[in-house]
């Protein structure tokens, strides 16, 4: 369990460091700033925390609650929904997801018209699904750490996005972070 959590935390930390695209670009130029972000997120951060999460899921530990057909079904539904939202988000962002740049333009179409952080919203759903499918202490700890990291990561990215795209500030006022607004849809 310890190794899983260490990998998870190191991966989350490196991934969070990738949220400083503007700063890296100021220090080293746009192409090197983009490369630093790419390496921190895609080469180091994501692979490490994914391995940490896999190890947490596979680690033997006491159950937190018993699984039922209903909890397993809900877990699989959440995984499917999370994957669909993330695929739609990645399709809307294209290469910007892997290689953000100070020259990027705001993407406010598709799923991004309803959520500022659909990829992270999907991750929150995935963490909940893992707890439902493998309700063990290691998975619960990993999921809680993952949820905290998602909130921190989203905040760090918003600070960076406001610097890179001044229009992002107004977008933040219109579009909710993780959950689509039902009230906004009915007004319309």
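Rule-based calculations on the coordinates, nothing more; no lab input. Computed from a predicted structure; not experimentally measured.
Would you please state the base-10 log of I(q)/I(0) at q = 0.08, 0.09, 0.10, 0.18 1/Å for the chain, with intensities from the Debye formula using one equal scatterer on every alpha carbon? Per q value, in the given order, log10 I(q)/I(0) is -0.28, -0.36, -0.44, -1.22. Taking a ≥ b ≥ c as the square roots of the eigenvalues of the alpha carbon gyration tensor, region 95-188 is oblate, as a/c is not under 1.5 and a/b does not beat b/c. The C-alpha atoms of the chain define a longest principal axis, and helix 69-93 lies at about 20 degrees to it. Mean-square fluctuations from a GNM of the chain, with a 10 angstrom spring cutoff on Cα atoms, peak among 39, 119, 69 at 69.
Given the options 123, 35, 74, which has the most mean-square fluctuation in a GNM of the chain, springs set between C-alpha atoms less than 10 angstrom apart? In this elastic network of the chain, the residue with the biggest mean-square fluctuation among 123, 35, 74 is 74.
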